[in-house]
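Please read the structure below before turning to the comments.
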Amino acid sequence: MADTNALAQFLAEVERRAYRQAVYAVRDEQAALDIVQDAMMKLAEKYCAQPPAEFPMLFQRILQNTIRDYYRRQKVRNFWVTAVSFIASGSDEQEDEEALEHTQAADEKDNPINVLASGKNLALIEAAIEKLPARQREAFLLRYWEEMDIAETAEVMGCSEGSVKTHCSRAVHALAVALQDKGMADGQG
Amino acid sequence: MDKDKYAKELIAVLNDGLGSLRPEVTRNLQLARERACALAEQQVHSHHFKSAHSLAWSDWVRQHRTGLVGALLVMVLFAGAAVLQTTSGSNDDDDTAAIDTELLTGDLPVNAYLDGHLSKWVNNSSDY
């Protein structure tokens, strides 16, 4: 049985990257924290007895599934919000638009990526990663950031190795194009 | 373009940025990790408790092995006796049914019952 120190050490190593991954995926800091915490709790509850070598794969699978669950919940919530707002729409439409603009401006200002970026390049890269399609982003981050090989990435994503290669290739290409548009010739700007 | 090299350059920038997380985010992540580790600790203790329980049970079985084997033999004997009893009971029932069938579908022609000698023989045989 794995001892809990191994788990603590693993989580300490992976938590920041996991948080960033979740932020790129859901674009909401608080939701990202909840997702990472859920993933940690699930790993501790169900798989703490597994050998530590299996933690990275298990944790990534749990994290990706938790992110997908979040998307599903958001979809249902958005459906009901749209339905209710459609019924209640009318008089306060103008106010809503103003409020939305204000919120978006505040979000841009308070966005941790913008506030905390150590440099301009980081902010640009993170913005480009956020704009990637979900599967491409997932493949890119698992393959290069989590340093998983193609087979492991395919297992976590539940797809073929060929799909992983395609997603990764397209992701890198899309990032290169997006960053060139922003004036970064390569990853270092 | 060497895509792997380019990707690694991007990842290097992302890794550099990990140190710039806001303190409250770092603190929340640490709290989440501590909660997860506490839960894992509970799971490990509960597993140990289960292991100790099963160990005690196996010790008890080892100590009382002779008695348990004897009890098992007695139970097997009782079960065998019960099976025999049930089987013989059903055999008796089968025999009775066979006799009834034979009587009903016997070779004796129906006209025999109209024969006066038969009535006489029946009356005589009831004396036995």
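The values are calculated or read from the model by the stated rules, or taken from the named source; none is laboratory data. Everything numeric here is computed off the predicted structure, so don't read it as measured data. Backbone-built Cβ (ideal geometry, glycine too); neighbour counts: all protein chains shown. Please note that ligands, DNA and RNA were not included when accessible areas were found on the heavy atoms of the full protein model with its side chains. Shrake-Rupley method; radii C 1.70, N 1.55, O 1.52, S 1.80 Å.
Looking only at the range A:170-184, filter to residues that are within 30 Å of A:E54 (Cα to Cα) and either among the hydrophobic types (A, V, I, L, M, F, W, C) or surrounded by fewer than 16 Cβ atoms within 10 Å (Cβ to Cβ) (or both); which one of those is nearest to the other protein chains (Cβ to nearest Cβ)? Don't jump to the end; show me each part of the working.
Keep residues of the range A:170-184 that are within 30 Å of A:E54 (Cα to Cα), which gives A:170-172.
Checking which are either among the hydrophobic types (A, V, I, L, M, F, W, C) or surrounded by fewer than 16 Cβ atoms within 10 Å (Cβ to Cβ) (or both) leaves us with A:171-172.
Details: A:A171: 8, A:V172: 4 Å.
Filtering first and then ranking leaves A:V172.
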Quiz prompt | A:A18 more than 22 Å from B:L18 (Cβ to Cβ), at the interface with chain B (Cβ under 10 Å from one of its Cβ atoms) and open to solvent by less than 10 Å² (accessible area, probe 1.4 Å) | solution = no
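When the residues of the range A:21-30 are narrowed to those that are surrounded by fewer than 17 Cβ atoms within 10 Å (Cβ to Cβ) and more than 10 Å from chain B (Cβ to nearest Cβ), which ends up farthest from A:L142 (Cα to Cα)? Please lay out each step first, then the result.
From the range A:21-30, those surrounded by fewer than 17 Cβ atoms within 10 Å (Cβ to Cβ) are A:27-28, A:30; that's our starting set.
After this cut, where a residue has to be more than 10 Å from chain B (Cβ to nearest Cβ) as well, the list is A:27-28.
Details: A:R27: 18, A:D28: 20 Å.
So the residue we want is A:D28.
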Quiz item: How about the range A:124-140: which of its residues are crowded, with 24+ Cβ neighbours inside 10 Å and more than 9 Å from chain B (Cβ to nearest Cβ)?
Solution: A:E138, A:A139
Practice problem: Tell me which residues, restricted to the range B:1-28, are within 7 Å of chain A (Cβ to nearest Cβ), within 57 Å of the chain's Cα centre (by Cα) and open to solvent by 40 Å² or more (accessible area, probe 1.4 Å). | Solution: B:K8, B:R22, B:N28
Quiz item: For the range A:36-82, what are the residues that are within 15 Å of the chain's Cα centre (by Cα), farther than 20 Å from B:L31 by Cβ and among the charged types (D, E, K, R)?
Solution: A:R61, A:R68, A:D69, A:R72
